[in-house]
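Notes follow the structure.
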Amino acid sequence: MTRVLYCSDLHLGHRLMCTTRGFATIEEHDETVISNWNRTVAADDIVWLLGDVSLRWDDKLRWKLGRLNGTKHLIAGNHDAVFPGHRDAYRNQAQWIGEGMFASIQAYARRKSAGREFLMSHFPYRGDHIEGRPDRSVQYRLRDEGLWLVHGHLHSKDKVTGPRQVHIGLDAWDLRPVPEEEVIALMGKGNGKDNGKAV
């Protein structure tokens with residue numbers, strides 16, 4: 001049976017993130033991320049990857065992404081060459097879509113599951129991972145109009161990061177993708193909202 005899962009912020013090949021996450025080498029980090037992914041995601045599953053795959057695109061990254069189970073849909077993050085905030089990002093789409101890569105690439109998306117409608121974006125409505133600084137990339141963030149938002153970007157251990165915000169970044173989920181039912185369950189906890197809309 002096909003399942004839907006979510007994750008963000010793989011940061012494959014990113015030396016600073018591998019150090020921040022406690023790994024001695026980039027390869028140790030990347031192999032742990034790939035192993036955790038493949039233990040969680042079956043070949044026929046669908047994964048929504050909400051950005052920050054890697055700082056660069058090369059044959060090594062293509063090989064690593066090709067090893068990840070499931071059909072992958074990308075919501076581009078600020079570290080991805082296909083992020084629409086980068087000049088000429090459209091020129092990079094062809095190499096990111098294809099066999100074993102991404103089935104689709106979008107800036108954001110809207111879904112409905114278990115009767116709950118929600119949005120997906122790399123960025124939260126509010127918040128950033130740099131403490132004490134104003135939110136970055138605000139021109140690329142969705143506006144909070146009452147729907148829940150599934151997002152990445154924060155590198156926080158927190159799974160709920162504000163009213164109507166569920167963080168599915170690897171740092172909050174033991175470096176593994178999150179099954180959809182766990183995401184929906186967090187939305188069901190409320191925050192004074194019903195079906196993601198103000199009561």
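The values are calculated or read from the model by the stated rules, or taken from the named source; none is laboratory data. Just so we're clear, the structure is a prediction, and the values are computed from it rather than from any experiment. Every residue, glycine among them, receives a Cβ derived from its backbone with ideal geometry; neighbour counts consider all protein chains shown. With ligands, DNA and RNA removed, areas are computed over all heavy atoms of the protein, side chains included. Shrake-Rupley method; radii C 1.70, N 1.55, O 1.52, S 1.80 Å.
How large a share of the accessible area of segment 1-101, in percent, is made up of carbon and sulfur atoms when the probe is 1.4 Å and the other protein chains stay in place?
On the way: 2490 of 4780 Å².
Carbon with sulfur: 52 percent of the solvent-accessible area.
For the cross-link pairs Lys72/Lys159; Lys60/Lys159; Lys64/Lys112, which exceed 25 Å when the distance is taken from alpha carbon to alpha carbon?
Working: Lys72/Lys159 22 Å; Lys60/Lys159 31 Å; Lys64/Lys112 30 Å.
Table pairs above 25 Å Cα-Cα are Lys60/Lys159; Lys64/Lys112.
Let me know the shape class of segment 49-94, please: from the alpha-carbon gyration tensor, a ≥ b ≥ c as square roots of the eigenvalues, rounded when a/c is under 1.5, otherwise prolate if a/b is greater than b/c, or oblate. The partial results should precede the final answer.
On the way: a/c = 1.99, a/b = 1.49, b/c = 1.34.
Prolate, because a/c is 1.5 or more and a/b exceeds b/c.
Let me see the pair-distance distribution of the chain: every alpha carbon pair, 5 Å bin width, integer percents in order.
Answer for the chain: a P(r) of 1, 8, 17, 21, 21, 17, 10, 4, 1, 0 percent.
Sort 136-143, 168-175, 104-111 by the packing proxy (mean of other Cβ within 10 Å over each peptide's residues), most packed first.
On the way: 136-143: 13.0, 168-175: 21.2, 104-111: 15.8.
Taking the mean over residues of other Cβ atoms within 10 Å, the ranking is 168-175, 104-111, 136-143.
Stokes-Einstein at 37 °C, 0.692 mPa s, Kirkwood radius from Cα pairs: D for segment 18-76 in µm² s⁻¹? Walk me through the numbers before you get to the answer.
Numbers: Rh = 12.3 Å.
Answer from the Stokes-Einstein relation: 266 µm²/s.
Given a 1.4 angstrom probe, what's the average accessible area per residue across segment 1-92, in square angstrom?
Working: 4230 Å² over 92 residues.
It amounts to 46 Å² per residue over segment 1-92.
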